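Working notes for the structure below.
Computed from the coordinates by the stated procedures, all read-outs in this text should not be read as laboratory data. Because the structure is a prediction, the values reported are computed rather than measured. Cβ placement follows ideal geometry from the backbone for every residue including glycine, while neighbour counts extend to all protein chains displayed.
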Amino acid sequence: MEDAAHRHGGRPKLGPGGGGADLISALPEDLLLLVLVRLRCARAAARTSLLARRWRGLWTRLPDLVFRDVAADPLLPALTSLQAAAGLGPGMSLLDIRVAGDDLGRGHSHRISSLLDAAARLSPVEFHFALPRDVLVTDVELPRFDLDLADFVLRCPRLRVLRVANDCYHSAGDITIKSESLEELQVRSRSKWTRCIDVEAPMLKQLTVAFHTINELRVSIVAPTVKKVSLECYYTIETEEISCWGLSMMTLHTGTAETEGQRLLTETGTEDDARLPLSNVYVLSLHLSGSPGWTAKPDAELEVAQKIESLLVTGFSVLELHFSTTEFHFGIPAKHAFGACVVRLLGMHRIRTATRKLRIVLLRSDVVKECPVNCRCDKPKNWRSKNISLINLEEVEIKGFEGEDHDFDFLKVIFRCAPMLKRMSVWMCDEVSTSNDRCLKSHDFFKAYPFVECNVYLSSGSKHHSQSCALE
């Protein structure tokens, strides 16, 4: 009789107690997923796992998942189970989460960060996340999310601290932040395509931005109350050279007189070397490397000056120049001179008029070769006779001073062009000792300038010679 009923389209008879065949569970899996989609609720879809073995875990393969008014505690294991099944389906197109507010309790910032971390691991095409209006979140981490940063900040009217890290080298790197509440901003981007940095934050106190760029750059910072600034610009391609030195990195940061003085006190061990005005200072730092790969251009100074100008969102008074001759893949680096490059940089109007303190750091490779004849590092040849009006320059420091003839030629230019110079301090390179002729030569050289306080230190920091100003 049952076979006849099947043949004529009749219903199968129910067994004792009302049980019978589960025709829905016998459907193909694609149709079962359509049934779950019609539920329009991830929580209801998850409960179908209790119906039968066939339904168990099937909800984790839905392309769209919506969690509405779900407590935070059960959400985390649910998202974890979704991650375990992520490789079985076509991928998640939508993840929509609205957290219930009555279950967050204390420590909800950590719970929310954990939920966002679990959601990020699912890599949904579209992600919606909502919290109750009465929940005050003070610290939340958004890991691995590809955000429209400008739009995100506008949606957070109470945001006070924002830290962003972009590790994608080929992503768009422009940085736009406009916030009325933001007090601290930290952005670190490895994208090589950064062309624009635009920050407007009237309440901002601390700003840190580290980024890479190829060439063109526009920076606009409107933050009238900012106290601490650090802008780090890395060039991802070889830039124009100045006397065979190419600009590879440029930074602008704030330093305090206290930290500057403490740095000198640590290096010299004497309180006399820690005298600085008690005010904040801005430091412009240029990192230059000597390489035959740099491009020589007749208008190199103009282009480098434009790069410097693009980063100078405020004035500066300390200029740091880091010269590095390290080993490159094409051979042993040359022992390039730095004097011509520094004189050309000091000839730029913005640098010439702003610099009160000049700090030069010479980093040499352990193995170097002598410069070739007529090396570009000594061009133009007339740099020794240049007259530059360094009327604001008061102090010069040189680390890694070797005492070569071209080094003393540079010092002569500084003494001649800086009428307000008060102090000259040089730290000899490692190979120079107290008995070395170059150390004695430095001692004799500074005797010709009795109106400037001159100090000579060994690389260890111990003072070899000190000459007080004749007016003191």
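Before moving on, here are some points about what is shown:
- Sorted by Cβ neighbour density within 10 Å, fewest at the top, the residues E241, E394, E216: E216, E394, E241
- Ranking of L79, L440 by count of other Cβ atoms within 10 Å, fewest first: L440, L79
- Charge sum, other residues only, whose C-beta stays under 13 Å from E126's C-beta, Lys/Arg counted +1 and Asp/Glu -1: -4
- Taking Lys and Arg as +1 and Asp and Glu as -1, the other residues whose beta-carbon sits under 15 Å from that of F408 total -2.
- Distances between placed amide hydrogens fall under 5 Å for E200 paired with I177, K178, S179, V222, all partners being 5 or more residues away or on another chain.
- Each Lys or Arg adds one and each Asp or Glu subtracts one; over the other residues with Cβ under 9 Å from the Cβ of T251, this totals -2.
- The phi-based Karplus calculation (6.51 cos²θ - 1.76 cosθ + 1.60; θ = phi - 60°) puts the 3J(HN,Hα) values of segment 415-427 at 4, 6, 9, 10, x, 9, 4, 10, 9, 10, 10, 10, 10 Hz, whole numbers, x for Gly and Pro.
- Put the Cα centre of segment 153-218 next to the Cα centre of segment 400-433 and the gap is 40 Å.
- Cross-link reach is defined here as a Cα-Cα straight distance under 16 Å, omitting same-chain residues fewer than 8 places apart; for K228 the lysines meeting it are K205.
- Global geometry of segment 146-232, whether rounded, prolate or oblate, following the gyration tensor of its Cα atoms and the 1.5 cut on a/c: prolate
- Which of R68, R344 has the fewest Cβ neighbours within 10 Å, and the rest in rising order: R68, R344
- Set of lysines with alpha-carbon distance to K386 below 17 Å, sequence-local pairs under 8 removed: K412
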